[in-house]
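The values are calculated or read from the model by the stated rules, or taken from the named source; none is laboratory data. Not measured: the values here are computed from a predicted model. Every residue, glycine among them, receives a Cβ derived from its backbone with ideal geometry; neighbour counts consider all protein chains shown. For accessibility, only protein heavy atoms count, side chains too; no ligands or nucleic acids. Shrake-Rupley method; radii C 1.70, N 1.55, O 1.52, S 1.80 Å.
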Amino acid sequence: MNLKGMFLNTSKPNIFMVNENLKKIVKGAALVFIGIIISKIFTYFYRLYIARYLGAENYGLLNLGFAVLGVATAISLLGLPSGVLRYVSYYKGKENYKKVTSTIISSLKITIPLSIIIGILLFIFSKNISIHLFHTEKLIIIIKLFAILVPFSVILSNLEVITQAFQKIKYNIFIRNISESSIQLFSTILLVSIGLGILGAVIGYMIAIFSSALLFFLVVQKKVYPFINAKIKIENNYKEILFYSWPLIFVYLLGMIIAWTDNIFIGYFKDASSVGLYNTALPTSRLLMIIPTTIIFLFIPIITELYGKNKKKEVEKVYKTTTKWTFFLNFPIMLLMILFSKQILNFLFGKEYLGAASALVVLSLGHFFYSLTQLSSSVLQSIKKTKIILLNSIIIIILNLILNIYLISKYGILGAAIATSISFFVSSILFYFEAYIFTKIQPITSNMLKSMIAGVLSTAIIYLIIKFIFVDLSLLLAIPLAIIFFVLYIILLLIFKSFDKEDLLIIRSILNKFNIKLFKKS
């Protein structure tokens, strides 16, 4: 199939189909958003509890353990969950359920044995990793315990994308966002309170992963799609899924490297306390990933199905509208994080962690660019341009490693933040232009420029208020100023006439969930 010809087709989009898909994304995004917010609350309490009661060093050790587990899991997965998501969605659109089952089983047959091998190697070499890489023996037991988790994390990742491909997101929300994060928090508090210290936090996390893997298996098998089915003759789908997915291992590694090598190099060049300090700014800046995560959850399976049905104009409209709304929502949040970085960190973690304020400013800017990358990357993924994604990932991984080595040794956690943000910026540029080259879809609209102007003007007004009225800005003053900022931003969007028909459709869909009606259907 000629991809350029597919996307350059000038036939008018099916407006009903576009609206239905946008409504489906909005409905799914609303559920995912609620789930992520609940999860973030539990996760932040988990991090806050450890940071405040066990200290920066133990908090840093835990995050180094997460880094090692994350890299081991990413390698074990070989990028196959992306292949499962793509082909299950695609064959579901074709109603070829034999291929659906074969895709799922093939992924499990590859990733589970590999994860067991990597978990064993991680357990055996835990002492070498702890002492020679991170210069501390305190990490040995943490790595050994996390090594046991590798196969369970891999199973969990495979099962999670099955529910996503079938658009049964309520199960992901309940299990991963609510059940897992709450079990992690409460089991950790219990175990730490009886004197287990940092091991209590590690075991609490392990209990949460074990329970999620079991719950997901039961739910997928009984409620979503019974992939263990003796009536369906399985045909190994190794070649197709591996050919598509193997480049995506670097995408997973890119995410892990961007997320965890900062911690690894800070641990190597500095100390565990610096890792703990950095990990107040990093997860806070990642709040900017909530919006794209909620949208992408159904964006990928929907545009993949549309691609399978040759609905090119519908793909274009969905892509443009979701990109615009990611920008609309994330740009003001990024500006607020920059304005109130010290107040945010002081409120969440305490004065001990105010040294991470500059890192939070830089990381917020970087994650804003990264949030815009996600949709372009997903479009490339849906049209099977995984080798392009591979090339991008290699470039970004090398760039990030070089920047980390150079900047962290000189500037500490601020250097790590700069390295991450530069990598995210380059990534966003690459994915945007490549998605445009292959699809000829231009997602940037004049309304996004209006949003930028509205955000900058709102920021300037709040900054002048802070500078000339409130010299010493406390949290109690920051909250009403943030509210004023959002009011100004929305008013300016309306003055600039930044919303079109699709935007009003999205707003109406959201408001209808609360039985609020502001717009008449046109």
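Over all other residues within a Cβ to Cβ distance under 11 Å of PRO283, the charged ones net out to +3, with Lys and Arg as +1 and Asp and Glu as -1. Pairs from the list LYS313/LYS501; LYS222/LYS309; LYS317/LYS501; LYS170/LYS223; LYS94/LYS312; LYS168/LYS385 with a Cα-Cα gap above 19 Å: LYS222/LYS309; LYS168/LYS385.
Within the accessible area of segment 129-196, the carbon and sulfur atoms contribute 67%, probe 1.4 Å, all protein chains present. Take every pair of alpha-carbon atoms less than 8 Å apart whose residues are at least six positions apart; their mean separation over the length of segment 174-230 yields a relative contact order of 33 percent.
In this simple spin-label approximation, TYR463 and ILE398 carry label points 7 Å from Cα along the Cα→Cβ vector, and these lie 3.7 nm apart. Would you mind working out the accessible area per residue for segment 124-248, using a 1.4 Å probe, and quoting it in Å²? It amounts to 47 Å² per residue over segment 124-248. Taking the accessible area of segment 260-356, probe 1.4 Å, and keeping the other protein chains in place, the carbon and sulfur fraction comes to 58%.
Rolling a 1.4 angstrom probe over the protein heavy atoms, how many square angstrom per residue are accessible across segment 332-460?
So segment 332-460 comes to 38 Å² accessible per residue, rounded to a whole number.
Loop-resident GluC sites (Glu not before Pro) (DSSP state other than H, G, I, E or B) in segment 95-173 with no more than 16 further Cβ atoms inside 10 Å of their Cβ: GLU95, GLU137. Measuring nothing but how far apart in sequence close Cα pairs (under 8 Å, 6+ apart) lie, relative to its length, segment 65-222 scores a relative contact order of 25 percent. Summing +1 for each Lys or Arg and -1 for each Asp or Glu among the other residues whose beta-carbon sits under 14 angstrom from that of ILE405 gives +1. The label point for LYS497 and the one for LYS384, both projected 7 Å from the Cα toward the Cβ, are 4.4 nm apart.
Applying 1/(1 + (r/R0)^6) with R0 = 35 Å to the Cβ-Cβ distance of LEU449 and LYS170 gives a FRET efficiency near 0.45.
Treating r as the C-beta distance of LEU121 and LYS440 and R0 as 45 Å, the FRET efficiency rounds to 0.45.
With contacts taken as Cα pairs under 8 Å and at least 6 residues apart, segment 317-463 reaches a relative contact order of 36 percent.
Between ILE490 and ILE228, full extension at 0.36 nm per residue minus the direct alpha carbon distance yields a gain of 89.3 nm.
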